[in-house]
1. State the number of residues belonging to the range 51-63 that are surrounded by 13 or more Cβ atoms within 10 Å (Cβ to Cβ) and closer than 17 Å to TYR13 by Cβ.
2. Pull up the range 1-57, narrow it to residues that are in a loop (DSSP other than H, G, I, E, B) and among the β-branched types (Val, Ile, Thr), then point me to the one that is modelled with the lowest pLDDT.
3. For the range 64-93: of the residues being of a type in the set (D, E, K, R) and part of a loop (DSSP other than H, G, I, E, B), which is most open to solvent (accessible area, probe 1.4 Å)?
4. From the list ASP39, ASP12, which one is touching a Lys or Arg at 6+ places or on another chain (Cβ under 6 Å), of a type in the set (Asp, Glu) and surrounded by 14 or more Cβ atoms within 10 Å (Cβ to Cβ)?
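The values are calculated or read from the model by the stated rules, or taken from the named source; none is laboratory data. All figures in this text were calculated on a predicted structure; none of them were measured in a lab. A quick note on method: Cβ atoms are made from the backbone with ideal geometry, for glycine too, and the neighbour counts reach across all protein chains shown. For the accessible areas, the whole protein counts, side chains as well, though only heavy atoms, and no ligand, DNA or RNA atoms are used. Shrake-Rupley method; radii C 1.70, N 1.55, O 1.52, S 1.80 Å.
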Amino acid sequence: MTLSILIPFRNDYEHIDAVVKNIMDTAESDDYEILVYNDGSVLSSGKPRTLELDYKNTRVINAPQSYGVGYAFDRCAEEAQGEYLVLTASDVF
């Protein structure tokens, strides 16, 4: 795998689906993974878990509480399988 795209979010269910969909729609190959880090979101509607079912190459890491964006990127980087990392935000689409 060449590319790992890391997306932390906290209580931003409104945008996270659109961000993942946009990445998948614009990707020119399937040689990537998307790691979505749920940074202790308060409103647990189940949305992060369904991302794994709705979109291929997508994994969700759920934190029990908020540790901050720096920790979120570090945690995703530990889980990433790609040779290169792309860091983005949950409201960039």
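1. Narrowing the range 51-63 to residues surrounded by 13 or more Cβ atoms within 10 Å (Cβ to Cβ): 51-52, 54-55, 57-63.
Add one more test, that the residue is closer than 17 Å to TYR13 by Cβ, and what stays is 51-52, 54-55, 58, 60-63.
Of the residues in that region, 9 qualify.
2. Start the filter on the range 1-57 by keeping residues that are in a loop (DSSP other than H, G, I, E, B), which leaves 1-2, 10-12, 27-31, 40-46, 55-57.
With among the β-branched types (Val, Ile, Thr) added as a condition, the list becomes 2, 42.
On the way: THR2: 92, VAL42: 76.
The selected residue is VAL42.
3. As a first pass, look at the range 64-93 and keep what is of a type in the set (D, E, K, R): 74-75, 78-79, 83, 91.
With part of a loop (DSSP other than H, G, I, E, B) added as a condition, the list becomes 83, 91.
Details: GLU83: 129, ASP91: 94 Å².
Among residues in the range 64-93 that are of a type in the set (D, E, K, R) and part of a loop (DSSP other than H, G, I, E, B), the one most open to solvent (accessible area, probe 1.4 Å) is GLU83.
4. On the way: ASP12 fails: touching a Lys or Arg at 6+ places or on another chain (Cβ under 6 Å).
Testing whether each residue is touching a Lys or Arg at 6+ places or on another chain (Cβ under 6 Å), of a type in the set (Asp, Glu) and surrounded by 14 or more Cβ atoms within 10 Å (Cβ to Cβ) leaves just ASP39.
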